[in-house]
Amino acid sequence: MGFLIDQCKRIIRLFLPAEPLHPMPTPQLPSILPSVVPTLNSYASHRSDLKPAPFLPMSRKEMNKLGWDQCDVIIVCGDAYVDHPSFGMAVIGRTLEAQGFRVGLICQPDWNDIESFKVLGEPKLFFGVSAGNMDSLINRYTADRRIRHDDAYTPGNIGGKRPERAVTVYTQKLREAYKKQVPIIVGGIEASLRRLSHYDYWQDRIRGSVLLDSTADMLFFGNAERALIDVSHRLAAGEKINEIQNVRGTAFLCKTLPAIDESESDTQWTEIDSTQLDQPGPVKAHLNPYQMIDEEEKKSQQELKADNASVVQIVPHLQMRKTNPNTSYIRLPSLDQVKKDTALYAHMDRVFHKETNPGNARPLVQAHGRNDIWVNPPPIPLSTNELDSVFEHNYQRVPHPSYGKAKIPAYEMIRFSVNIMRGCFGGCTFCSITEHEGRIIQSRSEKSILQEIENIRDKTPGFTGTISDLGGPTANMYRLNCKDKKIEESCRRPSCVYPNICSSLETDHSHTTALYRKARNIDGVKRVAIASGLRYDLALEDPEYVKELVTHHVGGYLKIAPEHSEEGPLSKMMKPGMGTYDKFKVLFEKYSKAAGKKQYLIPYFISAHPGSTDKDMLNLALWLKENNFKIDQVQNFYPSPMATASTMYATERNPLKPVKAVNAEPVFAAKNKEQRALHKAFLRYHDPESWPLLRVALKKMGKTHLIGRGAVHLVPAETGREKDARRSNKKFVPNNNGRNKKSFHAKTQHTGLPTNPSKKKKPTR
């Protein structure tokens, strides 16, 4: 449950494609990369007389009350409907409503009953499909592939109310209900992280784009407001969905190249082979298929050139900078190729992550059989004014009345919280925030944030004076952007803070500090807590921010995420070393003492992360014991689609460095149940259930000196009582809950905080 909530708040050789894009005449459309991007509020309203609905309708009865005979757009979603800016269906629905579109919702339909997809009838423009705020498979399964029996996004916390691979299932059901007559657009995090071929942890294989599986017409990825508004207005103006190919943040299936605008100086596309950008090493070379065309094809190309139609030119790496970004694209190895070759899949991941900056990214193309997946560059980030407008729509900030008194845990967690920004430039390899929201921070204005706090105070039922969070993916990245726009637009670093903080990054937290102070001084607000994860290496750059945070916004303990103690795993995570943690701890304790408070840091760690060996996990366990920590809630590494760490797990290669077919840096990955269980047991060294596994492992590792009852030992030796329990297949319960009088207390939110922890002799490694 805790993991689900954290996810809510934080809440990628020389081969050419087997089936290349064939140059064919196509209708003249605008440039694939328009130089001027319209603002969200620059469009004329589709229906100037449309008034905001109390709630977006979920039934014909509600539509009738509004006087609607038909919806323009219907959104099908795997979450229950909460009319709050932290829930995707509400944001999308209210954003379209503000543009003058009638929007209806079908939330958590029964996928076994086709009639549940017909409750609102057929939309005038399109169906929008989303699995919800979480990936449906991560929502359904634990990191150990065990079924969850709860769902934080469902009334009553009931599990199983959405199908696995919800985007695909919902889209196929809509096709069954309405055939091909209504366009379907998929989006949300599940679609976003599956826009290209990706490693699927649940089937342990490389799968193709969700566009093929779902049969959707278009896919939105990332922050979709800009693309959503543009596409909706163009469909309303009569354009066909298959003609709309030049919108950032979209992907689609194609057999021919999109057209090039007549205003462009180049009249042909330039294809850039990804393996020329980042060569994965010596492999069997394939001949260029464009040099193996027959006489008929030659004649066809000559005719196309004569007609100034789009054709393809292949260029090597050195010429890439000279190509026109509006008329060039990068071809990735095909789906069939990455399925067969781990080096190519790791290479693809490396290239993908270097093409995520909206300022310099080019379209990505990948062959899937006889078709191609065309992925346009990421969306241009929203300006402060645009983001403010998204959060200031007519949200009721409560669940739909049809749910009655049933509690929706995800809503309860964010009920009194405020999202102040989007995006994350941390680049942690195990996290998918950057792949989805981007690494350019989009911040709301101070005025908009403070107004939302006042709205919570005045309108949200049950408010008692505490704002539970002012944050986002990361608590302290508010208004921290690149100092130079030109540098930002040309940068391809996957992280702005690893291996060190970029000198071009703004690290002044004064805007955040001022925001905190104004927020806690609002009438009726007794306390403002900061619950979002903190980037403590950034916080060190501004001690005044740490002082404000520790003095006024920490309620006993503060959660931070060093994730590991050892340099090997940390380098694969792109996380700072423990020296940074120690520096922050000193500052944290200094300001806690000055404020007259006893407060403690709660570190979060990941077990079984790629690059983490048995020895690394042992050293982490010893670090935990040295520092008096007992971890009750342990998160085993969960390979999410398109995350770099997932690629490490699948290929045992490191895409953070140039991928080599031979003599490459190996990345150890704990994959089998036994080893993953062992790594988890190291983090729970204090749990009697972990002791048998750890004793066996320590003996194999030649670390028997760590078995015993003293302060220098990690686990106790087996007792007679434990042997008897094991022989009779009963759970062993040690005296005093596994602790003698001299043992330390756990520093976790689950087992209580220490009152006066005593120093112990350090275990010998």
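The values are calculated or read from the model by the stated rules, or taken from the named source; none is laboratory data. Keep in mind that what you see is a predicted model, and the values were worked out from it rather than measured. Glycine also receives a Cβ, built like all others from the backbone with ideal geometry; neighbour counts cover every protein chain displayed.
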Restricting to segment 638-652, name every residue that is under 30 Å from VAL715 (Cα atoms) and among the charged types (D, E, K, R). none
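Return the residue satisfying two criteria in turn: it lies in segment 478-502 and is of a type in the set (Lys, Arg) and under 22 Å from the mean Cα position of the chain (by Cα), and of such residues it is nearest to ILE449 (Cα to Cα).
This residue is ARG479.
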Pick from segment 560-592 the residues that are out of contact with any helix residue (DSSP H, G or I) (no Cβ under 7 Å at 6 or more places or on another chain) and among the acidic types (Asp, Glu): which of them is surrounded by the most Cβ atoms within 10 Å (Cβ to Cβ)? GLU589
Are there any pairs, at least 6 apart or on different chains, whose C-beta atoms fall under 7 Å, with the first in segment 614-637 and more than 16 Å from VAL715 (Cα to Cα) and the second aromatic (Phe, Trp, Tyr) and surrounded by 21 or more Cβ atoms within 10 Å (Cβ to Cβ), and if so, which? PHE637/PHE430
Scan segment 670-690 and give yes if some residue there is in a helix (DSSP H, G or I), modelled with pLDDT of 95 or more and under 14 Å from TYR345 (Cβ atoms), otherwise no. no
Members of segment 78-90 that are in contact with a His (Cβ under 8 Å, 6 or more places away or on another chain) and closer than 21 Å to LYS161 by Cβ: ALA80, TYR81, VAL82, ASP83, ALA90
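Inside segment 73-88, can you point out the residues that are more than 18 Å from THR154 (Cα to Cα) and either surrounded by fewer than 18 Cβ atoms within 10 Å (Cβ to Cβ) or in contact with a helix residue (DSSP H, G or I) (Cβ under 7 Å, 6 or more places away or on another chain) (or both)?
Looking only at segment 73-88, we keep the residues that are more than 18 Å from THR154 (Cα to Cα), and these are 73-74.
Within segment 73-88, VAL73 is the sole residue that qualifies.
Output the number of residues of segment 236-283 satisfying the condition of being closer than 19 Å to VAL73 by Cβ, buried (at least 20 other Cβ atoms within 10 Å of the Cβ) and not polar (S, T, N, Q).
Start the filter on segment 236-283 by keeping residues that are closer than 19 Å to VAL73 by Cβ, which leaves 236-244, 247, 249-250, 252.
Filter once more, so that each one left must be buried (at least 20 other Cβ atoms within 10 Å of the Cβ): 244, 247, 249-250, 252.
Then drop every residue that is not not polar (S, T, N, Q), which leaves 244, 247, 249, 252.
Looking only at that region, the number is 4.
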Do we find a residue being surrounded by fewer than 23 Cβ atoms within 10 Å (Cβ to Cβ), under 19 Å from ILE92 (Cβ atoms), at pLDDT 95 or above and not β-branched (Val, Ile, Thr) anywhere in segment 181-198? yes
Across segment 622-680, the tally of residues that are farther than 26 Å from ASN139 by Cβ and of a type in the set (D, E, K, R) stands at 9
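Give the residue that is farthest from the chain's Cα centre (by Cα), with candidates limited to residues of segment 593-618 that are in a helix (DSSP H, G or I) and buried (at least 19 other Cβ atoms within 10 Å of the Cβ).
Just the residues of segment 593-618 that are in a helix (DSSP H, G or I), to begin with: 593-594, 614-618.
Within this subset, residues satisfying the condition of being buried (at least 19 other Cβ atoms within 10 Å of the Cβ) are 616-618.
Numbers: ASP616: 27, MET617: 26, LEU618: 29 Å.
Among those that are in a helix (DSSP H, G or I) and buried (at least 19 other Cβ atoms within 10 Å of the Cβ), it is LEU618.
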Given the criterion assigned to a loop (DSSP other than H, G, I, E, B), in contact with a strand residue (DSSP E or B) (Cβ under 6 Å, 6 or more places away or on another chain) and at pLDDT 90 or above, identify the matching residue among LEU40, LEU50, LEU56, LEU21. LEU56
Of the residues in segment 517-559 that are surrounded by fewer than 17 Cβ atoms within 10 Å (Cβ to Cβ) and among the polar types (S, T, N, Q), the one that is farthest from VAL497 (Cα to Cα) is ASN521
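Are there strands (runs of 3 or more DSSP E) fully within segment 216-287 with at least 3 residues that are at pLDDT 95 or above and either closer than 30 Å to SER389 by Cα or over 22 Å from the mean Cα position of the chain (by Cα) (or both)? List them.
Values: elements: 218-220, 250-254, 269-273.
Strands (runs of 3 or more DSSP E) meeting the threshold: 218-220, 250-254.
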Does segment 390-406 hold any residues that are surrounded by 14 or more Cβ atoms within 10 Å (Cβ to Cβ) and charged (D, E, K, R), and which are they? GLU392, ARG397
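Sort out for me the strands (runs of 3 or more DSSP E) sitting completely within segment 361-424 that have 2 or more residues that are touching a strand residue (DSSP E or B) at 6+ places or on another chain (Cβ under 7 Å) and either among the small types (Gly, Ala, Ser) or under 30 Å from SER468 (Cα atoms) (or both). Show your work before the answer.
Details: elements: 364-368, 371-375, 417-419.
Per the criteria, 417-419.
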Out of the residues in segment 426-480 meeting the condition of being surrounded by fewer than 18 Cβ atoms within 10 Å (Cβ to Cβ) and small (Gly, Ala, Ser), tell me which one is farthest from GLY568 (Cα to Cα). GLY462
Any residue at all in segment 502-516 that is closer than 28 Å to ARG653 by Cβ and surrounded by fewer than 21 Cβ atoms within 10 Å (Cβ to Cβ)? yes
Could you tell me which residue of segment 619-649 is nearest to ARG439 (Cα to Cα), considering only residues that are assigned to a loop (DSSP other than H, G, I, E, B) and among the polar types (S, T, N, Q)? SER640
Is it the case that some residue within segment 132-143 is part of a helix (DSSP H, G or I), at pLDDT 95 or above, over 30 Å from ASP69 (Cβ atoms) and aliphatic (A, V, I, L, M)? yes
With the requirement that a residue be crowded, with 23+ Cβ neighbours inside 10 Å, closer than 17 Å to ASP200 by Cβ and not hydrophobic (A, V, I, L, M, F, W, C), what does segment 640-657 give you? PRO641, THR644, SER646, THR647, TYR649, THR651
Across segment 138-180, what is the number of residues that are crowded, with 19+ Cβ neighbours inside 10 Å, over 30 Å from LYS405 (Cβ atoms) and of a type in the set (A, V, I, L, M, F, W, C)? 3
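Step by step: first the residues of segment 496-532, then only those that are of a type in the set (Ser, Thr, Tyr) and not in a helix (DSSP H, G or I), then the one that is farthest from SER445 (Cα to Cα). Which residue is that?
The first filter runs over segment 496-532 and keeps only residues of a type in the set (Ser, Thr, Tyr), leaving 498, 503-504, 507, 510, 512-513, 516, 532.
Subset that is not in a helix (DSSP H, G or I): 498, 503-504, 507, 532.
Values: TYR498: 28, SER503: 25, SER504: 22, THR507: 18, SER532: 19 Å.
For segment 496-532, the residue satisfying everything is TYR498.
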Could you check, for segment 89-112, whether at least one of its residues is surrounded by 15 or more Cβ atoms within 10 Å (Cβ to Cβ), of a type in the set (Lys, Arg) and within 30 Å of LEU470 (Cβ to Cβ)? yes
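Take the residues in segment 117-131 that are of a type outside the set (A, V, I, L, M, F, W, C) and outside any loop (DSSP other than H, G, I, E, B), then tell me which one is farthest from PHE221 (Cα to Cα).
Within segment 117-131, the subset of a type outside the set (A, V, I, L, M, F, W, C) is 118, 121-124, 128, 130.
Within this subset, residues satisfying the condition of being outside any loop (DSSP other than H, G, I, E, B) are 128, 130.
Values: GLY128: 13, SER130: 11 Å.
The selected residue is GLY128.
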Would segment 150-166 turn up any residue that is touching a Phe, Trp or Tyr at 6+ places or on another chain (Cβ under 9 Å), part of a helix (DSSP H, G or I) and of a type in the set (Asp, Glu)? no
In the list SER728, SER743, which residue meets the criterion of being within 30 Å of GLY556 (Cβ to Cβ), of a type in the set (Gly, Ala, Ser), out of contact with any Asp or Glu (no Cβ under 9 Å at 6 or more places or on another chain) and modelled with pLDDT under 85? SER743
Looking for something over 30 Å from ASN246 (Cβ atoms) and at pLDDT 95 or above - is there at least one such residue anywhere in segment 378-391? no
Restricting to segment 540-587, and then to whatever is of a type in the set (A, V, I, L, M) and in contact with a His (Cβ under 7 Å, 6 or more places away or on another chain), can you tell me which residue is farthest from ILE420 (Cα to Cα)? LEU570
